[in-house]
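Trainee: Okay, here's the structure, questions in a sec.
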Amino acid sequence: MSITMIIVAVIVLIILWVVFSYNHLVSLVNRTKEAWADIEVQLKRRYDLIPNLVNAVKGYATHESTAFEKVSEARSAAMGAGSLADKAVAENNLAGALKSVFAIAEAYPDLKANQNFLQLQGELSDTENKIQSARRFYNGNVRDLNISIESFPGNVIANSFGFKKMDLFELADTDAAQQPVEVKF
């Protein structure tokens, strides 16, 4: 009778371990998806601010059309990027294009003093900070999920139930990616 109780107890403990491990992985996946959604919200906010910023600068620098076209193209590419790697590359290109708009703004003192432009600059700066924070939060969640999926004994449960590692949202190795978008006041 006691051997049977021991076997039943071991089986119950194994079942409980599987359930808790599975639930832990589900929790990590959902936190990671939530973190990605936070990044997308901030990116959408940035995409919405960019046309207003470009229009404010266009009024002062109409002859700089190539810079505005590059920003529009980069914005469209970023909005249409599918995979995480494509999104990272597109976001890096957009950051580089935005730098050219701010460089143009530096040449126009009246523009730098324009209240609408200053407000847009402030909002964009705030959004860039929020994107950076959301990216760190997402990458932290991805790290925790990937560690759980790769570590023993969690990898047994992860492989059994088809959990997959997720990619970090990393900046590409470009000059534009290494420099933050400069917003001067």
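The values are calculated or read from the model by the stated rules, or taken from the named source; none is laboratory data. Since we're looking at a predicted model, the values are computed, not measured. When we count neighbours, we look across all protein chains shown, and the Cβ atoms used for this are built from the backbone with ideal geometry, even at glycine.
Trainee: Identify the residue in the stretch 59-114 that is at pLDDT 80 or above, not polar (S, T, N, Q) and not in a helix (DSSP H, G or I) and, among all such residues, is nearest to MET166 (Cα to Cα).
Mentor: Applying the filter and picking the extreme gives GLY82.
Trainee: How about the stretch 57-71: which of its residues are touching a helix residue (DSSP H, G or I) at 6+ places or on another chain (Cβ under 7 Å) and not acidic (Asp, Glu)?
Mentor: Answer for the stretch 57-71, where residues must be touching a helix residue (DSSP H, G or I) at 6+ places or on another chain (Cβ under 7 Å) and not acidic (Asp, Glu): VAL57, LYS58, TYR60, ALA61, ALA67, PHE68, LYS70, VAL71.
Trainee: Counting just the residues of the stretch 134-185 that are among the aromatic types (Phe, Trp, Tyr) and not in a helix (DSSP H, G or I), which one comes out modelled with the highest pLDDT?
Mentor: PHE163
Trainee: Let me ask something else about it. Of the residues SER72, SER65, SER100, SER83, which is without any contact (Cβ under 8 Å) to a residue 40 or more places away in the chain, of a type outside the set (D, E, K, R) and under 20 Å from TRP36 (Cα atoms)?
Mentor: Details: SER72 fails: under 20 Å from TRP36 (Cα atoms); SER65 fails: under 20 Å from TRP36 (Cα atoms); SER100 fails: under 20 Å from TRP36 (Cα atoms).
Just a single option satisfies the conditions, and that option is SER83.
Trainee: Can I ask one more? Within the stretch 100-147, can you find the residues that are of a type in the set (A, V, I, L, M, F, W, C) and touching a Ser or Thr at 6+ places or on another chain (Cβ under 7 Å)? First the steps, then the outcome.
Mentor: Going through the stretch 100-147, the residues of a type in the set (A, V, I, L, M, F, W, C) turn out to be 101-105, 107, 111, 113, 117-118, 120, 124, 131, 134, 137, 142, 145, 147.
VAL142, LEU145, listed by residue number.
Trainee: Please indicate, with yes or no, whether at least one residue in the stretch 14-23 is in a helix (DSSP H, G or I), surrounded by 12 or more Cβ atoms within 10 Å (Cβ to Cβ) and touching a Lys or Arg at 6+ places or on another chain (Cβ under 7 Å).
Mentor: There is no residue in the stretch 14-23 that is in a helix (DSSP H, G or I), surrounded by 12 or more Cβ atoms within 10 Å (Cβ to Cβ) and touching a Lys or Arg at 6+ places or on another chain (Cβ under 7 Å).
Trainee: Also: Under 8 Å by Cβ, and 6 or more places apart or on different chains, what pairs join a residue from the stretch 147-165 that is under 14 Å from TRP17 (Cβ atoms) with one that is assigned to a loop (DSSP other than H, G, I, E, B)?
Mentor: Listed pairs, sorted by first residue: ILE157/PHE163.
Trainee: Does the stretch 124-133 contain at least one residue that is under 14 Å from ASN55 (Cβ atoms), over 18 Å from the mean Cα position of the chain (by Cα), in contact (Cβ under 8 Å) with a residue 24 or more places away in the chain and in a helix (DSSP H, G or I)?
Mentor: no
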